[in-house]
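Report on the following structure.
The values are calculated or read from the model by the stated rules, or taken from the named source; none is laboratory data. Note that the coordinates shown come from a computational prediction; the quantities given were computed from them, not determined experimentally. These area figures cover heavy atoms from the full protein model, side chains too; ligands, DNA and RNA do not enter into them. Shrake-Rupley method; radii C 1.70, N 1.55, O 1.52, S 1.80 Å.
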Amino acid sequence: MGLIAKQALDVKPRERRRHERLKLALSGRYMLSDHLEHPCSTIDISPVGIAVSGQEKGFIGEHVILYINQIGRLEGVVARNADTWFAVRLQLTPAKSEQLAGVLAWLVSHHAQGAPDKRGHQRFAPFRRRAVLTTSDGRQYQAALINLSAQGAAVSVDAAPSIGSFVTIGRTPARVVRHLSMGIAVEFDAPLPAGAFDMDGRP
């Protein structure tokens, strides 16, 4: 990546040191003030900013909403732009910024392994991980989504419902298919249709 792209994220020097920009090429789409959707691909990203390749660059200070595959919905303002890319200064609460850092770490690790997911549906690390798991006897447990797809999910939870038993993740009914060291894997009763997830990854 050239010098210009490396300087794309317009953040304070202290933030640059604390938040490493990770090179991740993820597809997605974005909306500027015209409310039209435009395709894009990420160049690099950190918990405070993102550089995006896209034809409609927007003007400095313009509000932008991004939907990035495997991450979800992000918001910010255009900080810099060039011929084929622009940089966005993200507007996230400290809690969401920390959550994004965790998602990015998972994505980098997953990509570094170089092994594509062989499941029938692509899995991603959800931006919002908290969920409530309800077992068939009505008991509820605080849980965290590890990864998620239209077909199922891996869930970190302090419970071990028997394999084959029915549970509910949030509002989504599912069946336990595996026990994991940190929780369970579930398969949804029916594959969730496109759009069934909000852009933060909650079923």
Sorted by accessible surface (1.4 Å probe, heavy atoms of the protein chains only), largest first, Lys96, Lys23 come out as Lys23, Lys96
Any chance you could get the radius of gyration and Dmax over the Cα atoms of the stretch 154-193, in Å?
9.5, 29
Just to verify a number: what accessible area does Ser27 come out at with the full protein assembly present, 1.4 Å probe, Å² rounded to tens?
60 Å²
Taking amide H atoms as placed 1.01 Å from N in the peptide plane, list the residues 5 or more away in sequence, or in a different chain, whose amide H sits under 5 Å from that of Ser46.
Leu22
